[in-house]
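Below you'll find the structure, written out as structure tokens, and then a few comments.
Read the figures in this text as sums done on the coordinates, not as results from a lab. In this text the structure is predicted, and so the values were computed from the model without any measurement. Cβ: placed from backbone, ideal geometry, glycine included. Neighbour counts: every protein chain shown.
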């Protein structure tokens, strides 16, 4: 996949369609889509945002690429807020959150993807399927009507505290508790 497109073969024909989750699709307009702070505030205080943005207070400690470089290369501590880069870059961030075991991620809902099948569904403790498409903020923190998520979003919790926070948040959507799994 390059340039935000994927090729699909249908009945001997090749078609090209935009991949709404590719990082290049987002980068075409803006390389950072900031989470509205009321979503984060509804979930309580986070200790660390390892892929944050300057001036966007999502956690007590916010690491930005400008300040620390790669947030995957440092040890994570405490409760983590994660709005990872979308596209293929998303998987290592989600794997790190699974390893860390305590935090919440905001990601696009794509339950048929390898990310969801191999990382999210087997390891998450709860998921809030957000009722509306998230209206992200520009990198300057301002609202922008053009920065509405191209697809549904989910808040994915890892750890009991984060699962409980989804239930207690009163955010619009439907919460599924994954702490009891069918074997």
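Some points to look at:
- Diagonalising the gyration tensor over the Cα atoms of region 30-177 and scaling each eigenvalue by 5 before taking the square root yields semi-axes of 20, 18, 16 Å, largest first.
- With the convex hull drawn over the C-alpha atoms of region 52-109, the volume per residue is 90 Å³.
- Sorting 130, 167, 86 by the number of Cβ atoms found within 10 Å of their own Cβ, with the fewest placed first, yields 167, 130, 86.
- Each of 129, 158 was scored by other Cβ atoms within 10 Å of its Cβ. Listed from fewest to most, they are 129, 158.
- Were the residues from residue 179 through residue 66 laid out at 0.36 nm apart, the gain over their Cα-Cα distance would be 37.0 nm.
- Residue 133-residue 73 pseudo-label distance in nm [points 7 Å out on the Cα-to-Cβ vector]: 3.6 nm
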